[in-house]
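Enquirer: Have a look at the structure that comes next, please.
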Amino acid sequence: MKNSPSVAENQNLPTPTGSNPWASARRAKEAIMPAFANQVVFITGAGSGIGRQLALALAAEGAAILAVDLKPEPLEALGKYLGDARYAWAIADVTDITGLRSVVKDLERKMGPVDILIANAGIGRDTSALNFHAEDVEAQIKVNLIGVANSIDAVLPGMLARNRGHIVAMSSLASYRGLPKMSGYCAAKAGVNGLLEGMRIELRPKGIHVSIVCPGWIRTPLTANIKVPQPYMMDVEYATQRIVEAIRAKKEFFAFPGPARRRMRLLRWLPSRLSDWLVVRVVRRMSAS
Ligand code: NAD
């Protein structure tokens, strides 16, 4: 594990400024000890894209990483990038509850109980109404929604027993309303929001935080074949940093970037005809660019 610098080693602590002594104390403490030091973070879908980048960012802040994905190679490669960070991985399909429970037990035996779950594994399939196959909807509901429920199931009993923990689920701005060709994905992500919002209320008094993260477009293998104009597409490094800050602040609902969030919120509340008309315009502009 990367050692956090001791107080004696760290001679350059920032001088506390501002009027809030608690915030100053927290900043000083973070300068001594990385924010995620000794936290055990379990990430599903850690072999690629956002999951992989989150593993790198959180390990750099002192977290121990437990990673699962469908194939071994990306997880082995991630281990090489993580260097001397505490890291354990296993193959697991988030749609298989029995397998996932047993994998999490094994990983926890090696590395300690999970403090933070990041239910990140996800897929995207075209579900155009003009070439509609219910199987594509089912696949997305299974991975993107049931997979989140299964991941929570695998860690929640332990968190409840310890009266602490943090559950983070990767939703999407696509959860705000149905979008053409993406209705299966939108349905799954809207389901994630409903699931987590309900659980959040019950888990708060038990000392367990719940965070729903709704990013806009991010450049990853998931979006490699989707035509999105440059200004709407975020780099995975930038997006991950925003997500790490939201996890650190234990935000209950974090949707970004701001302009896209505001547009999606407006589309959700406008009358349906007007909202649909605006969606068609945006989609046309995207495919013309
Ligand atoms: P990605 O394809 O790069 O990574 C997804 C990972 O999940 C892959 O490694 C894949 O193997 C894994 N995975 C898929 N099915 C799995 C299963 N059944 N069991 C275990 N692992 C499985 O995609 P990404 O862009 O990094 O997406 C990560 C999450 O962020 C997803 O939930 C996605 O819906 C969400 N998201 C992505 C974007 C974007 O623009 N990229 C935007 C909003 C939300």
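Values quoted throughout were computed directly from the atomic coordinates according to the rules given, and no laboratory measurement underlies them. Bear in mind the structure is a predicted one, so any value in this text is a computation, not a measurement. Using ideal geometry, Cβ is built from the backbone for each residue, glycine included, and neighbour counts are taken over all protein chains shown.
Enquirer: If contacts are Cα pairs under 8 angstrom and at least 6 residues apart, what is the relative contact order of segment 149-289 in percent?
Expert: Values: 163 pairs, mean separation 36.1, N = 141.
Once normalised by length, the contact order is 26 percent.
Enquirer: Tilt of helix 97-111 relative to the longest C-alpha principal axis of the chain, in degrees (0 to 90, nearest 10)?
Expert: Orientation of helix 97-111: about 20 degrees from the principal axis.
Enquirer: Measure nothing but the geometry: give the 0 to 90° angle between the long axis through the Cα atoms of 21-32 and the longest principal axis through the Cα atoms of the chain, rounded to 10°.
Expert: 80
Enquirer: Put one equal scatterer on each alpha carbon of segment 34-288, apply the Debye formula with no solvent term, and list log10 I(q)/I(0) at q = 0.09, 0.11, 0.14, 0.15 1/Å to two decimals.
Expert: Per q value, in the given order, log10 I(q)/I(0) is -0.38, -0.57, -0.93, -1.06.
Enquirer: For Phe253, what residues show an amide H to amide H distance below 5 Å, using hydrogens built from the backbone and excluding near sequence neighbours?
Expert: For Phe253, the qualifying residues are Ile212.
Enquirer: Taking the Cα centre of the chain as the origin, how large is its charge dipole in debye, to the nearest 20, when only Lys and Arg (+1) and Asp and Glu (-1) carry charge on their Cβ atoms? Before the final figure, lay out each step's value.
Expert: Working: 37 positive and 24 negative charges, 217 e Å.
So the magnitude is around 1040 debye.
Enquirer: Obtain the nm distance between the two label points defined at Trp277 and Lys227 by a simple spin-label model: each point lies 7 Å from its Cα along the Cα-to-C-beta direction.
Expert: Computed distance between label sites Trp277 and Lys227 equals 2.5 nm.
Enquirer: Sticking with this structure for a sec: Go ahead and estimate [θ] at 222 nm for the chain from helices alone: -39,500 (n - 2.57) per DSSP H run with n ≥ 4, summed, over the residue count, rounded to 500.
Expert: Details: 10 runs with 136 residues, N = 289.
Helix-only estimate at 222 nm: -15000 deg cm²/dmol.
Enquirer: Given R₀ = 30 Å, FRET efficiency for Lys181-Leu56 by Cβ-Cβ distance, to 0.05? Don't jump to the answer; show the numbers that get you there.
Expert: On the way: r = 32 Å, r/R0 = 1.06.
Rounded to the nearest 0.05, the efficiency is 0.40.
Enquirer: Which angle from 0 to 90°, rounded to the nearest 10, does the C-alpha axis of helix 72-82 make with the longest principal axis of the chain?
Expert: 50
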